[in-house]
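Structure, as structure tokens:
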Amino acid sequence: MGETHSEALRVTPLDALHRQLGARMVPFAGYAMPVQYEGILAEHAHCREAAALFDVSHMGQATVHHPDGVAAAAAAFEALVPGDLQSLAPGAIRYTLFTNPAGGILDDLMVTNAGDHLFVVVNAACKEADFAHMAANLAGCTLAVLPDRALVALQGPKAAAVLSRFAPEAAEMAFMSARVLDIGGIGVWASRSGYTGEDGYEISVSAAEAETLARRLLAEPEVGPVGLGARDSLRLEAGLCLYGSDIDTATTPVEANLKWTIGKRRRAEGGFPGAEIVLRQLAEGAPRARVGLRLAGRQPARAHTEIVDENGAKIGEITSGGFGPTVQAAIAMAYVDAAHAAPGTRVACMVRGKALDAEVVTMPFAAHRYFKG
Amino acid sequence: MAKIYFSEEHEWISVEGGVGTVGITEYAQEQLGDVVFVELPEIGGAVDKGDDVAVVESVKAASEVYSPVSGEIVEINEDLAEAPGLVNQSAEADGWFYKISLSEPSELDDLMNRQEYDAFVEGLD
């Protein structure tokens, strides 16, 4: 309502399918995307209980080749991210961050060792900038952007049963690994990963075959279409960052509580943009931290809500917040001063002049249920 | 016999004996999507027509509810605290928000009847 629709909105290869399924389409990162089909609460529950199919074709996909092989590509890529990419085994995926010289985060991304090259997935809103950054700074590498690839995510406790019905090898794939699968004659690049906290897959497929694949998956009794609305509530419950809200150029990996993404060797060697600041924060601590907040009631406290201590002094701000349908409580991510970041700390969220009681809690809010083998 | 009126902000008010029951319309709940919380006014509070008296929180966003008339809040729908989904399931009946004792009944003349509201909504699409 009241949203200005640009004539220049791009569409994904699944646009006709979304409209046929009765999706409510909204502009997102320059694309017309389905925000919901049946309803966000029902779709959220479907992902937690069965299997959800998301269209995430707006995200950016690319490959990085180096004439000396994937190890050389990984070494070159490490100049842009704090993740340890050189230790990635063939088929393994790393979640990492593009950092800037101030230690801020330019984007978060997935990098896969695809055997003889790297396969990269970045956020839709950042993709042009990311690809320009990569093209300019990946020494000796060839970047190939893949605009003709769609991306769908199949997420939920029944996702493995569904996908392995077509490709039995899917069942035993390790969490954060990727491989080629044949889904009834459609060759796909499947990653066992996701953005919901559930087991599942992110499936890269040619744009030409995307609708056939999506319809084939949706025809399985466990699978239902799920939009961006539930994707956001699912990832919030899973404690996963949304770029542009929870992390951005003003937050460092240490402040963002993404220290685990900085490889051990990288901590010793540095060699990524902003390393001096990030490594100093690793050693000495950061002035603020991203934390989870669980509110006492159901009333949501949304992004930009001020957080105060027991004396009413401002100690931070919410970056993502809403009602968690699975945890049945209002939950949020926030940045708070380091002194107030310990789990168990009592704070208040100022919503329309009222102080809503909240407690700093360990994330995720809803337990991750990734495949453990 | 209660008479029902509608506002351009998609509230309805059903008036009987000087007291109006206020809620949001079926069209509004459909636009908002799943409601997860409703912030209601305090009983005894005085409101002016157009005041933001309540807030509907859907999964996606918070939306303000404007009082279609002036008066005093005499009752609120306590069921919404535990079951905010009533707004989706029964927007124009069980999902009511508050009851208001009208101080300026002539304000009702500025509102639409069902037929006019339906035409108004038709024109929005």
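Descriptive notes on the structure:
- Interchain or long-range residues, amide H under 5 Å from A:M33's placed H: A:V26, A:F28
- Across the stretch A:148-251, the mean sequence separation of Cα contacts (distance under 8 Å, 6 or more residues apart), normalised by length, yields a relative contact order of 28 percent.
- With θ taken as phi - 60° and the Karplus curve 6.51 cos²θ - 1.76 cosθ + 1.60 applied, the whole-hertz 3J(HN,Hα) list for the stretch A:278-294 is 5, 5, 5, 5, 4, 7, 9, x, 9, x, 8, 9, 7, 10, x, 10, 10 Hz, x standing for glycine and proline.
- Fewest-first sequence of B:S14, A:S193 by Cβ atoms within 10 Å of each Cβ: B:S14, A:S193
- Alpha carbon convex hull of chain A, projected area averaged over orientations, nm²: 18.5
- Counting neighbouring Cβ atoms within 10 Å and putting the fewest first, the residues B:E39, B:E78 line up as B:E78, B:E39.
- In chain B, Cα pairs under 8 Å separated by at least six residues give a relative contact order of 30 percent.
- For the stretch A:287-373, the relative contact order works out to 35 percent when only alpha carbon pairs closer than 8 Å and six or more residues apart are counted.
- Considering only B:N77, B:Y27, B:G17, the residue lying farthest towards the positive end of the dipole of the stretch B:3-125 is B:G17, judged by Cα position with unit charges set on Cβ.
- Shape call, chain B: gyration tensor on alpha carbons, a/c limit 1.5: oblate
- Of A:K314/B:K60; A:K314/B:K49; A:K354/B:K99; A:K127/B:K60, pairs whose Cα-Cα distance is over 32 Å: A:K314/B:K49
- Sorting A:I262, A:I186 by the number of Cβ atoms found within 10 Å of their own Cβ, with the fewest placed first, yields A:I186, A:I262.
- Helices in chain A, meaning DSSP H runs of at least 4 residues, each add -39500 (n - 2.57). Divided by all residues, the mean residue ellipticity at 222 nm is -6000 deg cm²/dmol.
Only the coordinates and a few stated rules stand behind these numbers; no lab work does. It should be emphasised that the depicted structure is a prediction, and the values quoted were computed from it without experimental measurement. Using ideal geometry, Cβ is built from the backbone for each residue, glycine included, and neighbour counts are taken over all protein chains shown.
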